Every structure is written in structure tokens, then in C-alpha cells.
Amino acid sequence: MKKILVVEDHDPLRHGIVEAFQRSGHLVAEAGDAETAIRLISEEYFGVVVTDISLPRHSGIEVLKAAKQTNPLTTVIVMTAYGTVENAVEAMRVGADDYLQKPFPIEELELKVSKALEHQTALQTIEDLRQTTGWPHQLLGQSPQLRHLLGVIQKIGKSQATILIEGETGTGKELVAKAIHAASPRADRALIKVNCAALPEPLLESELFGHEKGAFTGADRQRIGRFELANSGTLFLDEIAEISLATQAKLLRAIQERAFERVGGEKTITIDVRIIAATNKDLQTEVKAHRFRDDLFYRLNVVTVTLPALRERKEDIPLLAEHFAQYYAKELGKRIQPLAPSVLNALQDYPWPGNIRELENTMERAVLMAEGDTIKAKDISCAGPEPARSENDFTLPPGGMSLENIEKQAILAALDRTGWVQKDAATLLGVSARVLNYKIKGHHITHPTWLRHRPPQTAA
Ligand SMILES: Nc1ncnc2c1ncn2[C@@H]1O[C@H](COP(=O)(O)OP(=O)(O)OP(=O)(O)O)[C@@H](O)[C@H]1O
Ligand SMILES: [Mg+2]
């Protein structure tokens with residue numbers, strides 16, 4: 001368990017704080033002056049240091065500096081006397097994580113401390129995962145739902161069963177499909193993906209099953225389909241609800257018999273594939289509405305994994321936010337401090353209709369917008385207009401950036417500047433609102449204010 005150090009020269013106050021922490025089950029050490037505190041800090045690790053600023057000989061600022069130097073992960077909360085705001089400002093500048101002005105209710109301090117400890121646990125988990133599993137593209141989370149999910153993945157990974165993954169947009173369906181494949185005996189074979197929503201119908205069929213030369217106009221050579229490519233591996237059918245009824249029939253047979261013919265071909269090809277399908281629609285509803293074949297549904301629905309929405313597991317938000325912040329900081333060649341409690345609170349209060357993908361986009365943007373090495377609440381909520389810049393004032397991050405990402409960042413910047421009014425952002429970017437809207441969808445960009453324009457979500 002992480003220990004707390006309380007530094008305060010006024011005995012009754014120090015005793016009061018120490019006792020309160022002990023009552024709530026914490027390990028606590030205490031010091032009545034800066035010298036003792038600095039010695040203790042050099043001897044053992046403290047998760048949190050709570051220090052008064054005006055101490056007898058040396059000030060609490062020295063304690064703060066010593067704590068941060070010894071371990072940057074230590075959270076330092078300073079206490080200042082009424083009417084000495086400049087002390088608090090100075091402390092924050094030097095690196096304090098938070099401050100309290102005396103007198104304060106002890107519960108307020110306790111709350112700050114327990115938040116800080118929670119956040120440290122999250123950071124530690126990221127670090128552990130980073131060391132044990134590689135980085136990034138891992139399923140992160142510490143909520144009961146996510147732990148359960150990891151267990152399920154290990155279990156079903158071993159079987160050959162067909163899997164259906166359900167979940168709202170951005171909940172991690174593709175990542176889970178990859179994890180299941182990686183946990184399976186086929187892990188060293190291919191995982192082949194087909195995005196069933198991306199292709200118009202005739203093309204989808206040949207994408208899945210391939211075609212023979214001359215099968216249709218433009219088929220000037222034979223083509224191997226995804227089913228064949230996935231042979232002895234795993235086939236991931238993403239957005240399965242988007243397939244037409246005609247192709248569903250062919251898919252059903254291919255899954256049932258593990259056999260099919262190429263489009264325009266006669267030879268029956270047999271294959272050995274494991275099928276994983278994903279959808280953000282409720283397939284049962286699609287079946288009732290006669291848009292999805294019930295026999296195909298039952299074939300797919302052997303094992304169903306339902307991914308929780310991010311708002312149903314808010315505990316995971318700090319961990320994920322921190323992960324994405326550090327990930328994009330690295331990508332953009334920036335240094336970003338651990339997120340402040342106020343930022344984490346704001347993130348946890350938002351319902352995230354676009355789930356983890358939306359959180360990821362938000363953090364990427366926040367890293368980009370952050371001035372200095374600190375992400376502030378305003379970087380998250382996309383505050384006011386940016387200062388005017390000249391047209392050529394574009395700085396490519398040290399690590400470079402893909403054109404696609406540059407386009408996305410330009411769209412985000414335009415949206416930010418126009419208060420997220422797409423029509424105005426389109427004008428800024430010199431494209432039609434339609435084109436912009438199309439690109440916004442392509443980049444999976446969402447914003448809290450657009451929520452109001454969405455149809456009400458039906459409860460799961
Ligand atoms: N548990 C997680 N830990 C870390 N990153 C995650 C997690 N879940 C999802 N992500 C990340 O969030 C993003 C969205 O995930 P993914 O593409 O798997 O979602 P999806 O459910 O397939 O979304 P859609 O329905 O829009 O296709 C990806 O960048 C993915 O790496
Ligand atoms: Mg997906």
C-alpha cells in the first residue's frame with residue numbers, strides 16, 4: 001500500500017490529519033518541519049505528500065521539490081494559509097499537483113488524496129502492461145467488465161467456435177477480434193478482415209469469395225477472395241449487419257459447409273477458417289425486421305461477446321485517457337505531464353457516445369492543443385478560437401505526420417475555431433459542407449454538442 005507523508009508544524013492540525021488518514025486505513029508518516037520531511041522522503045517512497053508551505057526554517061516548497069525530484073510520480077498537495085494565494089501559485093508553478101487553502105474540511109483533503117492514489121494505480125497499471133505486453137494496441141482497462149472480458153477472450157480463444165462481437169461504435173470490437181485471434185491456436189496464421197460496409201454489394205461478393213477471369217465486366221483476371229486468404233487462419237467479418245440478403249445466403253453456406261465457389265467459377269473450394277463477426281447493430285432486431293437471415297444469425301451467434309459502452313465503465317477512463325495522452329505525446333514528439341485531477345473528472349463526466357475511439361481522438365487533439373507540457377480542461381472541451389495564424393504557420397511534428405492525420409488535424413482545428421459548426425468549418429477549409437461531413441465521418445470525429453442532433457439512443 002502506498003504511504004502518505006503529512007508535513008505540518010502546527011501540531012493539532014497535523015495530528016488531526018494523520019488520524020483522519022489512519023481511520024480510513026492509510027499508512028501515514030508525519031513531519032513537523034521541512035528537514036525531517038526531506039530526510040523521510042530520501043528514505044522511503046511516498047505516494048502522496050501533503051505539506052504546509054510556511055514551515056519553521058525551510059519552506060514547504062523545498063519539500064515539494066525534494067519529493068518530485070525523488071519520484072516524479074509522487075503527488076504533492078500543498079496547504080496554504082488564508083490570504084497567501086501567491087504561495088499556492090508559486091507551489092503550482094514549481095510542480096505541486098494541487099493545493100488547499102486553510103481552513104478546509106478534512107474530507108476535502110481525503111478526497112484529493114484518494115483520487116491521487118487511484119490515478120497512480122492507473123499509471124502503474126499502464127506501466128506494467130507496457131512492460132509485459134508491448135505497446136500500444138492492447139486492451140486496457142481495470143474495470144470488472146474489462147477484467148471479465150479478458151478472461152472470456154482467453155477462454156474462447158482456445159475454441160474453434162464462431163464468435164459474434166456486439167458493441168456500440170468505438171467500443172473496441174476490432175481490437176477484441178484481434179485479441180481472440182491472438183489467443184487462439186491459429187495465432188501464427190493470418191487474421192483476414194473484411195469490412196462488409198465498405199464495399200458495394202457486387203464487389204463485396206467477389207471480395208469474400210473471389211472471382212474467375214471473365215466472371216463479370218472488368219474481371220480481367222482471376223482473384224482470390226478473403227475466405228481463401230484466411231484459410232487455416234481467422235476471418236473477421238466486420239459490420240456484418242450491412243450485408244444484403246442475397247450475399248447473406250452465400251455467406252451462410254460458406255460458413256455452414258466451409259465451402260464455396262468463386263464468383264463465375266464452378267469448382268467448389270473447401271477451407272478451414274475460424275469466423276469472427278462484429279456489428280454495432282442489434283442483430284436480433286435486424287432479424288425481426290427481416291433485414292438479417294435468422295439462420296445466419298444462429299450460425300454466428302454461437303458465442304456472443306457484448307462490449308460495454310465506455311460510460312458503463314467510467315473507472316477505465318483515467319487509464320485510457322492517460323494511455324492515449326502518452327501515446328500521442330510520443331507520436332508528436334511532445335512531453336506531457338500526467339493528467340490533472342480536474343481534467344480526469346471532466347473526462348469521467350462526459351457520456352462518450354463514440355466510446356473509446358472518441359476518447360482517443362479527444363486525447364490526440366488535447367495533446368496537440370496543449371501549451372507546454374500540461375493538458376488543461378480547455379484543451380479537452382475545445383475552448384474558444386485559436387489566435388490568428390499566418391497561412392504558412394504549419395509546424396510538422398518532429399516525428400512527421402501522415403497526410404491523413406494532417407487532414408484530420410486540419411478539420412479538427414477548423415471545427416474548433418468555428419465552435420464545431422460544420423458549415424462554417426467547411427467554408428474555412430474551402431470544401432462543401434457535404435464533403436466535410438463525409439470526411440468527419442471517415443475520421444470518426446465526434447463532439448459533445450453534436451449529441452443533441454442525434455436520434456435518442458435506445459437503452460440496451
Ligand atoms: N480496451 C481498450 N484499450 C485500449 N484501446 C482501446 C480499447 N478498446 C478500443 N481501443 C481503441 O479504440 C479505438 C476503437 O476501437 P475499435 O476500432 O476496435 O472499435 P470498434 O468497436 O471496432 O469501432 P467501430 O464500431 O466504429 O468499428 C481503436 O483505436 C482501439 O485501439
Ligand atoms: Mg470496428
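Being under 13 Å from the mean Cα position of the chain (by Cα) and of a type in the set (A, V, I, L, M, F, W, C) holds for only one residue in L320, L307, and it is L320.
Quick one: is D9 surrounded by fewer than 23 Cβ atoms within 10 Å (Cβ to Cβ), in the same structural domain as L109 (by TED's automatic domain parsing), in contact (Cβ under 8 Å) with a residue 40 or more places away in the chain and of a type in the set (D, E)? It is true that D9 is surrounded by fewer than 23 Cβ atoms within 10 Å (Cβ to Cβ), in the same structural domain as L109 (by TED's automatic domain parsing), in contact (Cβ under 8 Å) with a residue 40 or more places away in the chain and of a type in the set (D, E).
Residues that are more than 30 Å from D97 (Cα to Cα), within 14 Å of ligand 1 (Cβ to nearest atom) and at pLDDT 90 or above: does region 313-332 have at least one? Lay out the reasoning, then the answer.
Step one: list which residues in region 313-332 are more than 30 Å from D97 (Cα to Cα), which gives none.
The answer is no; no qualifying residue exists.
What residue, of L307, L347, L300, L320, is touching a residue at least 40 places away in the same chain (Cβ under 8 Å), under 23 Å from L412 (Cα atoms) and not polar (S, T, N, Q)? Full working, then the answer.
On the way: L307 fails: under 23 Å from L412 (Cα atoms); L347 fails: touching a residue at least 40 places away in the same chain (Cβ under 8 Å); L300 fails: under 23 Å from L412 (Cα atoms).
One residue alone meets the criteria, L320.
V194 falls short of the stated requirement of being more than 16 Å from ligand 2 (Cβ to nearest atom) and on the phi < 0 side of the Ramachandran plot. Of all positions in region 225-233, at least one carries a residue that is more than 29 Å from R357 (Cα to Cα) and small (G, A, S).
Of all residues being in contact with a Gly (Cβ under 6 Å, 6 or more places away or on another chain) and without any contact (Cβ under 8 Å) to a residue 60 or more places away in the chain in region 175-190, which is nearest to ligand 1 (Cβ to nearest atom)? Just the residue, please. So the residue we want is A183. Looking at region 392-405, is at least one residue within 21 Å of the chain's Cα centre (by Cα), at pLDDT 75 or above, surrounded by 11 or more Cβ atoms within 10 Å (Cβ to Cβ) and within 26 Å of L359 (Cβ to Cβ)? Yes, region 392-405 has at least one match. Listed by first and then second residue, the pairs with beta-carbon distance under 6 Å, at least 6 apart or on different chains, first residue in region 140-163 and outside the structural domain of A325 (by TED's automatic domain parsing) and within 12 Å of I276 (Cβ to Cβ), second of a type in the set (D, E) and modelled with pLDDT of 90 or more, form an empty list.
Restricting the search to strands (runs of 3 or more DSSP E) fully inside region 14-129 and requiring at least 2 residues that are in the same structural domain as E322 (by TED's automatic domain parsing) gives an empty result. Screening E19, E35 for residues that are at pLDDT 95 or above, surrounded by fewer than 18 Cβ atoms within 10 Å (Cβ to Cβ) and under 24 Å from M92 (Cβ atoms) leaves exactly one candidate, E35. In summary, strands (runs of 3 or more DSSP E) completely within region 215-286 and bearing 3 or more residues that are away from ligand 2 (no atom under 16 Å from the Cβ) occur at 259-261, 268-270. Selection over region 156-174 of residues that are within 6 Å of ligand 1 (Cβ to nearest atom) and out of contact with any strand residue (DSSP E or B) (no Cβ under 6 Å at 6 or more places or on another chain) gives a count of 6. Taken over region 179-206, the criterion of being among the charged types (D, E, K, R), in a loop (DSSP other than H, G, I, E, B) and loosely packed, with under 14 Cβ neighbours inside 10 Å is satisfied by D188 alone. A count restricted to region 137-167 and to residues that are within 16 Å of ligand 2 (Cβ to nearest atom) and surrounded by fewer than 14 Cβ atoms within 10 Å (Cβ to Cβ) stands at 1. Within region 249-272, the set of residues being touching a Lys or Arg at 6+ places or on another chain (Cβ under 7 Å) and within 20 Å of R186 (Cα to Cα) comprises I255, Q256, T270, I271, D272.
Considering E242, E228, the condition of being closer than 21 Å to Q284 by Cβ and touching a residue at least 40 places away in the same chain (Cβ under 8 Å) is satisfied by E242 alone.
The values are calculated or read from the model by the stated rules, or taken from the named source; none is laboratory data. These numbers were taken from a predicted model, which means no experiment stands behind them. For neighbour counting, all protein chains shown are included, and Cβ atoms are generated from backbone atoms with ideal geometry for every residue, glycine included.
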